[in-house]
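Novice: So that we are looking at the same thing, I have put the structure below in structure tokens.
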Amino acid sequence: MQSHLLAGDTGTDKSTDQGSTNDNNNASGAIGVPNSKTVQNKFRDAVAAAVYVDKRRSEDRANTFVVRGIAESANHNDRDTVYELCANEFNIDLDIVASKRLGRDTQPGRSRPLLVVCRSVNAAADVIASAKRLRRSADPVTKKNVFINPNLI
């Protein structure tokens with residue numbers, strides 16, 4: 001009698017074997033390991049969420065800008081200083097919601113950057129677009145020391 005069995009084959013029918021793993025498991029047959037579609041969906045969802053979070057943060061920063069080079073003063077409000085700067089240099093009547101010095105006051109004689117929040121995105125964009133005009137200012141201190149940049153923080 002010749003044997004038609006291959007090496008390692010027991011001759012049992014695997015479709016009726018009780019050890020079949022096709023019922024509740026994925027295509028790989030491993031218990032508890034997600035299939036590739038599940039991993040792809042979770043990864044796609046995580047990437048989409050990260051993109052939306054980044055977009056939201058960008059939109060939140062759109063109505064703000066950072067001013068550097070304005071000396072800190074106990075006698076003068078930063079909000080009023082920025083308002084006067086924009087009115088005098090750019091002829092922009094700026095509606096400022098808030099202003100805040102960034103960082104800690106660690107070095108005497110060195111001014112901290114000033115974060116300015118405007119009521120509208122257009123107002124902030126106008127100030128940022130006009131910032132290069134500070135280099136032609138009649139005030140030598142402003143011309144040399146004051147810089148306005150978008151808020152990238």
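Just so you know, all these numbers are worked out from the coordinates, no wet-lab data involved. Just so it is clear, the structure is predicted and the values come from calculations on it, not from any experiment. Every residue, glycine among them, receives a Cβ derived from its backbone with ideal geometry; neighbour counts consider all protein chains shown.
Novice: Kindly provide the trypsin sites (Lys or Arg not before Pro) of the stretch 60-153 that DSSP labels as loop, not H, G, I, E or B, and whose Cβ sees at most 11 other Cβ atoms within 10 Å. All intermediate terms of the calculation are to be shown ahead of the outcome.
Specialist: Numbers: sites: Arg61, Arg68, Arg79, Lys100, Arg101, Arg104, Arg110, Arg119, Lys132, Arg133, Arg135, Arg136, Lys143, Lys144; in loops: Arg104, Arg110, Arg119.
Passing sites in the stretch 60-153 are Arg104, Arg110.
Novice: Along the charge dipole of the stretch 63-150, pointing to its positive end and built from +1/-1 on Cβ of Lys, Arg, Asp and Glu, which listed residue (Ala124, Ile148, Ser99) has its Cα farthest out?
Specialist: Ile148
Novice: Does the stretch 63-150 come out rounded, prolate or oblate, given a ≥ b ≥ c as the square roots of the eigenvalues of its C-alpha gyration tensor, rounded meaning a/c under 1.5 and, failing that, prolate meaning a/b above b/c?
Specialist: Details: a/c = 1.69, a/b = 1.21, b/c = 1.40.
Judged from the Cα gyration tensor, the stretch 63-150 comes out oblate (a/c at least 1.5, b/c at or above a/b).
Novice: Another question about this same structure. Give, as a single signed number, the net charge of other residues whose beta carbon lies under 12 Å from the beta carbon of Asp95, with Lys and Arg counted +1 and Asp and Glu -1.
Specialist: Numbers: positive: Arg79, Arg119; negative: Asp93, Asp126.
After counting each charged neighbour, the total is 0.
Novice: Right, another one. Taking the number of other C-beta atoms within 10 Å as the exposure measure, put Glu59, Glu72, Glu89 in order starting with the fewest. Walk me through the numbers before you get to the answer.
Specialist: Details: Glu59 10, Glu72 13, Glu89 21.
The fewest-first ordering by Cβ neighbours comes to Glu59, Glu72, Glu89.
Novice: Relative contact order of the stretch 63-150: what whole-number percent is it, with Cα pairs under 8 angstrom and at least 6 residues apart? Show your work: numbers first, answer last.
Specialist: Numbers: 141 pairs, mean separation 37.0, N = 88.
Averaging sequence separation for qualifying contacts and normalising by length gives 42 percent for the stretch 63-150.
Novice: Rounded to the nearest 0.05, what FRET efficiency is calculated for Glu72 and Val121 with R0 set to 30 Å and r the Cβ-Cβ distance? Provide the component values of the computation, followed by the final result.
Specialist: Details: r = 27 Å, r/R0 = 0.91.
That pair, Glu72 with Val121, gives E of 0.65.
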